[in-house]
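Structure first, commentary second.
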Amino acid sequence: MFAPIFEKVAADPASTALLGTAQTRLFPAGEAPEGVAYPYATWTQIGGSPENYISNRPDIDSCAIQVDVWANTLASGRSVATALRDVIETHAHITRWGGESRDPETGSYRISFDADWYVHR
């Protein structure tokens, strides 16, 4: 039902080199603490479904997640997005590149992508 994104990213040295190890700055959407240091990333589940069978209960769920990277420079954001892509692709399928944008109020950069993750029960 839920993609194990935090566990996989927190175990990846390339990702934690950019997002920290004591408190890896990867949060469920809406859960990033106020004033968190850049760069950081958030994720949210945007869809999914169980793999249904006629003869028994499903043994796997698909989870569609959106990952957003937040950074104070485009280069920093791209570095984090690349590291997250590399670790997530070993467990899931990237399904959409959401592009890059800049928040007019904060000046922070956002890079977004989606992934479909198949989670064994």
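Values quoted throughout were computed directly from the atomic coordinates according to the rules given, and no laboratory measurement underlies them. Since the model is a prediction, treat every value here as computed from it, not as a measurement. We place every Cβ from the backbone using ideal geometry, glycine too, and count neighbours over all the protein chains shown.
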Exercise. For the stretch 99-110, does any single residue satisfy the condition of being more than 12 Å from the chain's Cα centre (by Cα), surrounded by 16 or more Cβ atoms within 10 Å (Cβ to Cβ) and assigned to a helix (DSSP H, G or I)?
Worked result: no
For this session: Take the residues in the stretch 111-121 that are in a strand (DSSP E or B) and among the charged types (D, E, K, R), then tell me which one is surrounded by the fewest Cβ atoms within 10 Å (Cβ to Cβ).
Result: D116
Exercise. Of all the residues that make up the stretch 79-121, how many are more than 22 Å from A17 (Cβ to Cβ), without any contact (Cβ under 8 Å) to a residue 12 or more places away in the chain and of a type in the set (V, I, T)?
Worked result: 1
For this session: Scan D12, D59 and give me the residue that is exposed (fewer than 13 other Cβ atoms within 10 Å of the Cβ), of a type outside the set (G, A, S) and over 12 Å from the mean Cα position of the chain (by Cα).
Result: D59
Problem set entry | R78 surrounded by 12 or more Cβ atoms within 10 Å (Cβ to Cβ), basic (K, R) and in contact with a strand residue (DSSP E or B) (Cβ under 6 Å, 6 or more places away or on another chain) | no
For this session: Evaluate the following for P28: is it without any contact (Cβ under 8 Å) to a residue 40 or more places away in the chain and either over 18 Å from V80 (Cβ atoms) or not hydroxyl-bearing (S, T, Y) (or both)?
Result: yes
Exercise. Out of Y40, Y53, which single residue is among the aromatic types (F, W, Y) and over 25 Å from G20 (Cβ atoms)?
Worked result: Y53
